[in-house]
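Working notes, beginning with the structure itself.
The values are calculated or read from the model by the stated rules, or taken from the named source; none is laboratory data. Since the structure is predicted, the reported quantities are computational estimates derived from the model, not experimental observations. In this analysis, Cβ positions are derived from the backbone assuming ideal geometry, glycine residues included, and neighbour counts consider all displayed protein chains. Side chains included, ligands, DNA and RNA excluded: accessible areas come from the protein's heavy atoms. Shrake-Rupley method; radii C 1.70, N 1.55, O 1.52, S 1.80 Å.
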Amino acid sequence: MKDITLFSHELALKAERLGTLPDEWLEAIYQEKWFKLFVPKELGGLGYSLPEALQLEERLASLDGSLGWTITLCAGAGWFVGFMDGKLRNSVFPAFDLCLAGSGFVGGKADFVNEEYEISGTWTYASGALHATHFTANCEIFENGEPILDEEGNPLVKAFLLEKNEVEVLDGWNYMGMIATGSHAFKAEKIKVPAYRAFEIKPDKTTLEDPIYKFPFLQFAEATLVVNILGISLHLIDLIEESFWKRHHYRKYDQKHVSYFQKILEKKKKKLDRYRSDFFNETDKSWEQLKLQGGISKKHLKSLSKSARKLSHKCREYNAALYPFSGLEAAKTHTELNRVWRDFNTVSQHALLIFPF
């Protein structure tokens, strides 16, 4: 990993002021190929397994929430390489500064007319939008104006790879935390796209053989998101502990109060480590089954989802229990503690991980 001093509080403040990752971080990301975690090595990527990627994403999130989240979401969009047409894949992914931003929202319509798609729509929460080279966009499919249904009778949805100059980024990320993710919306209006830029994110629609592309999208998303919540939590707990001891230096808490804090801190850390271990064990089991058997059982997928959701729930619970011990330092704007607290209380609102079951 790059020198840890590169991810300093000062650069994190700069990132917040800019509302996007600063050039210093982007240069390191391109050099390390972190936006290409799941892109094959022959296309200039790292070709990571899911367990390898999760360890790195947790570490990056523990350095800075916006840093870890942006890399996670852009690398996640890059994972779609395994579902794309070979012509598209080989023309786009070797670029040194490649960065895909996308949205899971089905915000567009794509009408197939004269062997190409006409796309219009608006999509929300595209992390990394300000430095993205391409965007992924989910659309309902039409043909000559008529809606196309899938085999279950639902509107057929496909994803498309759009070029930066084909979309307009909309300034809409106005939240208290994760500011430097630049998770803006984007829109397209009646753009013409060749058919080979469409793809479907389903295990039976993969175009590359690596097991990573067979990992079900829901559990892939839950796993990569929860390690960010975890990494930010670990950072926050360390800062709360640091703030408590600074306050103790000036206030001189009596031993009863110090012992109470130490007991609750040790208890929460130990429990969080247990839930963290359970989650990574479930991930490893699912990954090994996928490699050996070519698929993951419903039982393993259910266990993995539950462990991710429970871990997220426990992060919220433990951070709330420890937060009062940080004092007003946590409420003081522009402190590292305040920024990490804001990041946590923004990212932990993700709809996939709200419930612990």
Exactly one of (1) open to solvent by less than 40 Å² (accessible area, probe 1.4 Å); (2) touching a Phe, Trp or Tyr at 6+ places or on another chain (Cβ under 6 Å); (3) more than 30 Å from Thr335 (Cα to Cα) is unmet by Phe142. Its number?
(2)
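Every residue, every condition in (1) modelled with pLDDT under 95; (2) under 16 Å from the mean Cα position of the chain (by Cα); (3) among the small types (Gly, Ala, Ser); (4) surrounded by fewer than 18 Cβ atoms within 10 Å (Cβ to Cβ), yes or no:
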{"residue": "Lys2", "(1), (2), (3), (4)": "yes, no, no, yes"}
{"residue": "Ser8", "(1), (2), (3), (4)": "yes, no, yes, yes"}
{"residue": "Glu27", "(1), (2), (3), (4)": "no, no, no, yes"}
{"residue": "Leu43", "(1), (2), (3), (4)": "no, no, no, no"}
{"residue": "Gln55", "(1), (2), (3), (4)": "no, yes, no, yes"}
{"residue": "Glu58", "(1), (2), (3), (4)": "no, yes, no, no"}
{"residue": "Val81", "(1), (2), (3), (4)": "no, no, no, no"}
{"residue": "Ala95", "(1), (2), (3), (4)": "no, no, yes, yes"}
Sort through Leu272, Leu239, Leu218 and tell me the only one that's crowded, with 16+ Cβ neighbours inside 10 Å, of a type outside the set (Phe, Trp, Tyr), outside any loop (DSSP other than H, G, I, E, B) and touching a residue at least 60 places away in the same chain (Cβ under 8 Å).
Leu239
Selection over the stretch 299-338 where residues are in contact (Cβ under 8 Å) with a residue 24 or more places away in the chain and either in contact with a strand residue (DSSP E or B) (Cβ under 8 Å, 6 or more places away or on another chain) or not in a helix (DSSP H, G or I) (or both) yields a count of 1
Give the number of residues within the stretch 121-135 that are closer than 19 Å to Ala15 by Cβ and crowded, with 22+ Cβ neighbours inside 10 Å.
5
For the stretch 186-214, the count of residues that are among the aromatic types (Phe, Trp, Tyr) and assigned to a helix (DSSP H, G or I) equals 2
Among residues of the stretch 130-146, those that are of a type in the set (A, V, I, L, M), without any contact (Cβ under 8 Å) to a residue 60 or more places away in the chain and under 17 Å from Thr181 (Cα atoms), counted
1
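Yes/no matrix, rows are residues, columns are (1) in a helix (DSSP H, G or I); (2) more than 19 Å from His235 (Cα to Cα); (3) not acidic (Asp, Glu):
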residue	(1), (2), (3)
Glu24	yes, yes, no
Gln31	yes, yes, yes
Phe35	yes, yes, yes
Phe38	no, yes, yes
Gly45	no, yes, yes
Ser66	yes, no, yes
Thr70	yes, no, yes
Asn90	yes, yes, yes
